[in-house]
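Below: the structure, in structure tokens.
The values are calculated or read from the model by the stated rules, or taken from the named source; none is laboratory data. For clarity, every value in this text was computed on a predicted model and none was experimentally measured. In this analysis, Cβ positions are derived from the backbone assuming ideal geometry, glycine residues included, and neighbour counts consider all displayed protein chains. The area values use the complete protein model at the heavy-atom level, side chains included, leaving out ligands, DNA and RNA. Shrake-Rupley method; radii C 1.70, N 1.55, O 1.52, S 1.80 Å.
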Amino acid sequence: YKNHPLSMDEYADWFQSRVFAAGSLAGRWPPELVDWLLPKGFQGSFLKVSTSTGAVMSGYFPGYALVQAPFVFLGIPWLCNPVLVGVTLLVLAYIARTLFGNSTSAGWVLLFAIASPVFLVNGISYYSSSGQLLLNLAFCALLLKPSPRRLFLAGVVGGLSAFYHNPIRHVFFALPWVLWIGWTYRPRLKGMFLLAAGYLPSVLILGGAWLYFRTQITANPLAAGAATAAGAGALVESAAGIGTAITGL
């Protein structure tokens, strides 16, 4: 891989991680050079840009870029995904032991994972898939033996997974687990509330706040004002609804 992002999916997070490592939310280019530095077809998709100020931000949610940022700061960005793959193997072994009750099954699971070209190639790339897999598996591991504490922690991990890169990946993975918890855990309302409470910080910060700041920084002033008002209103309504639910319980 030669320590380079080879696709725009990789580059968007790679770029944003360097912005975070520099202590900023957005990169800055000379406004007159924006169209030269980024083809117009990519403006507003992989990267969000402002042609008036030169502000540049990733078009994806910031979770993966935040995870990469410490590695970038230390000058070893290439090590991020290999570390995540190593931790993923530990989580896979835990899940296998929990499900099958023996180390032999864990060994087979690890063997199949290591033998997978997709697993290893993602691990040496700058794709977000390695971290997404780790977070989804950690979400699964916490729900195998549900308790109030583990349900809340599963929500926290699930929220990080949802806004790690693209929420769709986590939504489809998590939905069967959420339905299973709703069907089997008692009291059902408490279980679902704890799970939702764990998701809340990521929804508000990595989701809502990130979209708010990105709109403020990269949109034109009129569009930013309208989007800001709508986004702030939605966040206030969500927080008020959650507060009412807590009070009711």
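For this structure, a couple of remarks:
- Near pairs, Cβ below 8 angstrom, 6+ apart or cross-chain, from the stretch 156-178 (within 21 Å of LEU194 (Cβ to Cβ)) to any residue that is open to solvent by 60 Å² or more (accessible area, probe 1.4 Å) and of a type in the set (Phe, Trp, Tyr): SER161/PHE173
- Pairs meeting the criteria (first residue in the stretch 102-123 and within 18 Å of LEU134 (Cβ to Cβ), second residue of a type outside the set (A, V, I, L, M), beta carbons under 6 Å, at least 6 apart or on different chains) are ALA106/ARG97; ALA113/PHE119; ASN122/SER129; ASN122/SER130; GLY123/ASN81; GLY123/PRO82; GLY123/SER130.
- Count of the stretch 64-92 residues, restricted to those that are touching a Leu at 6+ places or on another chain (Cβ under 7 Å) and open to solvent by 10 Å² or more (accessible area, probe 1.4 Å), is 6.
- Checking each residue in the stretch 209-225 for being at pLDDT below 50 and exposed (fewer than 12 other Cβ atoms within 10 Å of the Cβ) picks out PRO221, LEU222, ALA223.
- Restricting the first member to the stretch 35-60 and to residues that are more than 16 Å from SER17 (Cβ to Cβ), and the second to residues that are among the small types (Gly, Ala, Ser), the beta-carbon pairs closer than 8 Å and six or more apart or on different chains are GLY44/GLY59; SER45/GLY59; VAL49/ALA55; SER50/ALA219; ALA55/ALA26; ALA55/GLY27.
- Candidates ALA115, ALA141, ALA96, filtered to the one that is under 20 Å from the mean Cα position of the chain (by Cα) and among the small types (Gly, Ala, Ser): ALA141
- Filtered residues of the stretch 132-178 (kept if open to solvent by 20 Å² or more (accessible area, probe 1.4 Å), under 18 Å from PRO201 (Cα atoms) and not in a helix (DSSP H, G or I)): PHE163, ASN166
- Evaluation of GLU32 against (1) charged (D, E, K, R); (2) open to solvent by 50 Å² or more (accessible area, probe 1.4 Å); (3) under 17 Å from ARG214 (Cβ atoms) (one fails), failing number: (3)
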